[in-house]
1. Suppose the filter is touching a strand residue (DSSP E or B) at 6+ places or on another chain (Cβ under 6 Å), more than 26 Å from residue 160 (Cβ to Cβ) and either in the same structural domain as residue 182 (by TED's automatic domain parsing) or surrounded by fewer than 23 Cβ atoms within 10 Å (Cβ to Cβ) (or both); does residue 303 pass it?
2. Checking the conditions here, which among 226, 249 is within 23 Å of residue 180 (Cα to Cα) and surrounded by 15 or more Cβ atoms within 10 Å (Cβ to Cβ)?
3. Please find, among 136, 143, the residue that is at pLDDT 95 or above, touching a helix residue (DSSP H, G or I) at 6+ places or on another chain (Cβ under 7 Å) and surrounded by fewer than 17 Cβ atoms within 10 Å (Cβ to Cβ).
4. Just the residues that are more than 30 Å from residue 286 (Cα to Cα) and touching a helix residue (DSSP H, G or I) at 6+ places or on another chain (Cβ under 7 Å), please, taken from segment 178-193.
5. Just wondering, is there one or more residues in segment 259-276 that are part of a loop (DSSP other than H, G, I, E, B), in contact (Cβ under 8 Å) with a residue 60 or more places away in the chain, outside the structural domain of residue 155 (by TED's automatic domain parsing) and in contact with a helix residue (DSSP H, G or I) (Cβ under 9 Å, 6 or more places away or on another chain)?
6. What do you reckon, is residue 218 buried (at least 17 other Cβ atoms within 10 Å of the Cβ) and part of a helix (DSSP H, G or I)?
7. Based on what the data block shows, is residue 293 closer than 30 Å to residue 176 by Cβ and in contact (Cβ under 8 Å) with a residue 24 or more places away in the chain?
């Protein structure tokens, strides 16, 4: 059965007819910290901007290139062992890893891949970014990882979805333990990752966007994967209501691509509270950082 969609409404000050947008039913956008469903809220002290609680770790280990960044810890004792396992993947010889690339020889396709030795901050990073969804057995394996790889994709998850699926499918076959989207700070088990990538557009949103609970505002992180600004709400709104509203506002923008202007107001329906929209620069992250959103942030304030 098709789930009934909620409606987003934009009210312009010149009293033009309101724009109507497809959102999600309240059942889809509930706050679920450990179950499946919409993006849950992460505390700012353990936010994707600082998922391991130690910015120096990420400064030292993150690659310079920005884009959609995927981190996978594994059991490979060194780069040579990883390269050999890639070559031996069936069908043998289709994939190779050389010169900082993971190459699909059959389809003449490749992604940038960086190999790094194990790091003690990895377990905490996955524990926080996994939001309680990663089983303890998997976390125990991550604690014993010997190395990890970064995969780089262009910053457009909708256009890159098939390539992301193809290349990340190789990693569990090579012993990769789980996956973390380092350009948003959200982590998944392999089962959930591929379920989201192969699901609906809303599932794709949940694969690469996380909500952060800050001191004065709640923020989303990861909307740059869709070429859109983040969203922010004041923390005076109850956390579950804030997560619901942000998920629906974010997904409505992805699904319907409405044209928005600062000064307009948004509501889920004519009877729901209205919020004034103000587009500001992303001041939470520095330009060039994986979490930085060059499109800015939509701040929603109650009218």
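The values are calculated or read from the model by the stated rules, or taken from the named source; none is laboratory data. Keep in mind the model is a prediction, meaning the values are calculated, not measured. With ideal geometry, Cβ positions are generated from the backbone for all residues, glycine too; neighbour counts draw on all protein chains shown.
1. So residue 303 fits the description; yes.
2. Just a single option satisfies the conditions, and that option is 226.
3. Among 136, 143, only 143 is at pLDDT 95 or above, touching a helix residue (DSSP H, G or I) at 6+ places or on another chain (Cβ under 7 Å) and surrounded by fewer than 17 Cβ atoms within 10 Å (Cβ to Cβ).
4. 190
5. Yes, there is a match, as at least one residue in segment 259-276 is part of a loop (DSSP other than H, G, I, E, B), in contact (Cβ under 8 Å) with a residue 60 or more places away in the chain, outside the structural domain of residue 155 (by TED's automatic domain parsing) and in contact with a helix residue (DSSP H, G or I) (Cβ under 9 Å, 6 or more places away or on another chain).
6. no
7. When the stated conditions are applied, residue 293 passes them.
Residue by residue, here is whether (1) touching a helix residue (DSSP H, G or I) at 6+ places or on another chain (Cβ under 7 Å); (2) modelled with pLDDT of 95 or more; (3) on the phi < 0 side of the Ramachandran plot holds:
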position: 49; (1), (2), (3): no, no, yes
position: 56; (1), (2), (3): no, no, yes
position: 75; (1), (2), (3): no, yes, yes
position: 108; (1), (2), (3): no, yes, no
position: 117; (1), (2), (3): no, yes, yes
position: 131; (1), (2), (3): no, no, no
